[in-house]
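Asker: What follows is a single structure, and I will ask about it in a moment.
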Amino acid sequence: MIVTRTDDLVLTGGRIHCPDGTLETGWLSVSGERISGVGTGTPPAGTHLDLAGAHVVPGFVDLHCHGGGGGSFTSADADEAATAIATHRRHGTTTLMASLVSAPPDELAGQLAALAELVADEELAGVHLEGPFIARARCGAHDPSVLRDPEPGVIDALLEAGRGNIRMVTLAPELTGGIKAVRQLVDAGVIAAIGHTDAVADQVRAAVDAGATVATHLFNGMRPLHHREPGPIGVLLDDERVTVELICDLVHVHPDVLRLAARHAGRSRTVLVTDAMSATDVADGRYRLGSLDVEVSGGVATLADNGSLAGSTLTMDAAFRNLVHGAGLGITDAVAATATHPALLLGIDGETGSLRQGLLADVVVLDDDLRVTGVLRRGTWVGGAPVPV
């Protein structure tokens, strides 16, 4: 990864997308790792960089990512994990949570151990266990042979192996012990997410009442919405206590449905995620997702044996662009869904997720087509093509 450190940098002439609105010709100053000021008018002294009208948005926060650049978080290889982090960072993701797919508990413990140092070094914001406590009927790209009920002892063992790094667990509440597992996770300070589930509405509602607060990639890997049985989608989308993840690659969810869901959930409950796997930002071909073979063609990842979607090759800058250009929502909506709300969900909104004085200088510069031209992470230009200073 190319990094270029700069102190007392002032970005000028950009459209600065702040929590209270957009400064059409504003400036943003950086001192060390943090934003030292945001405003209009005469910018402060420092190294000025004229952005000539480019968009300036907060660094992206991705809650659900399995890998990228040929590297996978499930490999238990720290170098592969670092490759995945660097890949997504080039595309503007300054805060990333590693997602692991279903596996036997001892294998998950080894993967957690391999990621621990990256979490300690704040290269990762934590780990998300997507399974193994999910429904066989809706397992998607998870190995059905390793799925299991959420037994309290197994959950305790995984939390111990995670050493405080597990931030979110996706489970199916209809499994034996599912509602108790939600309470157990919430009591341990872990976000309980509902996904890969065949539950009916009453079962999902009970899980939300027990403390579940996230819908894992809404629509995908769950019982479909029906007008007489709303199932997970109806409950999770309509409950004000629940944040809904949307995979915004325009493949997993049709643009019209993305727009409907994002408008209904609103800025305070919508987050975009990549669900990216190792093939992200590299060539089509055959890859692995956990223990399963995946074929990638035209950037679409599917299981080799049955054609089921198997994660994505999405990056957060493309998700941002797709929400605006594909689903027809505004840039303010995209900022909230890619940065502000996911940071709030993780409890790190006092450090990142918006462009405010005192927060970390996690900043993405986008051109008129909303493509990345530069990424600052903690005041340092990162990626293969940082903006020259």
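Any read-out appearing in this document is the output of simple, stated calculations on the displayed coordinates, not a laboratory observation. Bear in mind the structure is a predicted one, so any value in this text is a computation, not a measurement. Cβ: placed from backbone, ideal geometry, glycine included. Neighbour counts: every protein chain shown.
Asker: Simple spin-label model, 7 Å along Cα-to-Cβ: Arg228 to Ala137 in nm?
Answerer: With each label point 7 Å from Cα toward Cβ, the separation is 1.6 nm.
Asker: Please report the projected area of segment 271-369's Cα convex hull averaged over all directions, in nm².
Answerer: Projected area, direction-averaged: 7.9 nm².
Asker: Where does the charge balance sit around Ser297 when Lys and Arg score +1, Asp and Glu -1, over other residues with C-beta under 12 Å from its C-beta?
Answerer: -1
Asker: List Asp369, Asp156 from most exposed to least, where exposure is judged by having the fewest other Cβ atoms within 10 Å.
Answerer: Ordered from fewest to most neighbouring Cβ atoms within 10 Å, Asp369, Asp156 come out as Asp369, Asp156.
Asker: While we're looking at this one, here's another question. Using only the C-alpha atoms of segment 60-346, find the volume of their convex hull and express it per residue in Å³.
Answerer: Expressed per residue, the convex hull around the Cα atoms of segment 60-346 is 109 Å³.
Asker: Taking neighbour counts of Cβ atoms within 10 Å as a proxy for exposure, in what order, fewest first, do Trp381, Trp27 appear?
Answerer: Least to most surrounded, the residues fall as Trp381, Trp27.
Asker: State the antiparallel share, in %, of DSSP beta bridges confined to the chain, rounding to the nearest 5.
Answerer: Antiparallel bridges make up about 55 percent of those DSSP assigns within the chain.
Asker: I need the helices of the chain that pass two filters: whole DSSP H segments spanning 24 Å or more by Cα along the axis, and mean Kyte-Doolittle score no lower than 0.5.
Answerer: For the chain, where a helix must reach 24 Å along its axis and average at least 0.5, there are no hits.
Asker: Please work out the FRET efficiency for the pair Val257 and Asp369, using the Cβ-Cβ distance as r and a Förster radius of 41 Å; give the result to the nearest 0.05.
Answerer: After rounding, the FRET efficiency stands at 0.95.
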